[in-house]
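Following: one structure in structure tokens, then a few remarks.
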Amino acid sequence: MDAFHGLGTAGAATLRAVAPGISEALITTAAVVCGHFPAVIAYNQFTARNQSVCGGIDDFCASC
């Protein structure tokens, strides 16, 4: 939004008009991507543990 506002106030499409908005968007995107790594790791660990428990329950039920 800041990049488009910069274009509107400058009246011309120059790098100087849009650079602050673009840099802010890139920094925000990088922060969000870095924040997703712990979530993906936790999801994978939870899924692996869940599959292990379900496998144990299936083995127990098969032996009955």
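The values are calculated or read from the model by the stated rules, or taken from the named source; none is laboratory data. As the structure is a prediction and not an experimental result, all values here were calculated from the model. A quick note on method: Cβ atoms are made from the backbone with ideal geometry, for glycine too, and the neighbour counts reach across all protein chains shown. The area values use the complete protein model at the heavy-atom level, side chains included, leaving out ligands, DNA and RNA. Shrake-Rupley method; radii C 1.70, N 1.55, O 1.52, S 1.80 Å.
Show the residue pairs that are 6+ apart or on different chains and have beta-carbon atoms under 8 Å apart, the first residue being within the range 20-35 and touching a residue at least 12 places away in the same chain (Cβ under 8 Å), the second being part of a helix (DSSP H, G or I) and of a type in the set (A, V, I, L, M). Listed pairs, sorted by first residue: Pro20/Ala3; Gly21/Ala3; Ile22/Ala3; Ala25/Ala3. Between Ala17, Ala39, Ala3, which is out of contact with any strand residue (DSSP E or B) (no Cβ under 7 Å at 6 or more places or on another chain), at pLDDT 75 or above and open to solvent by less than 80 Å² (accessible area, probe 1.4 Å)? Step by step, each of Ala17, Ala39, Ala3 is checked, and only Ala39 is out of contact with any strand residue (DSSP E or B) (no Cβ under 7 Å at 6 or more places or on another chain), at pLDDT 75 or above and open to solvent by less than 80 Å² (accessible area, probe 1.4 Å). Among the residues of the range 5-58, the one identified as in contact with a helix residue (DSSP H, G or I) (Cβ under 7 Å, 6 or more places away or on another chain) and not in a helix (DSSP H, G or I) is Ala13.
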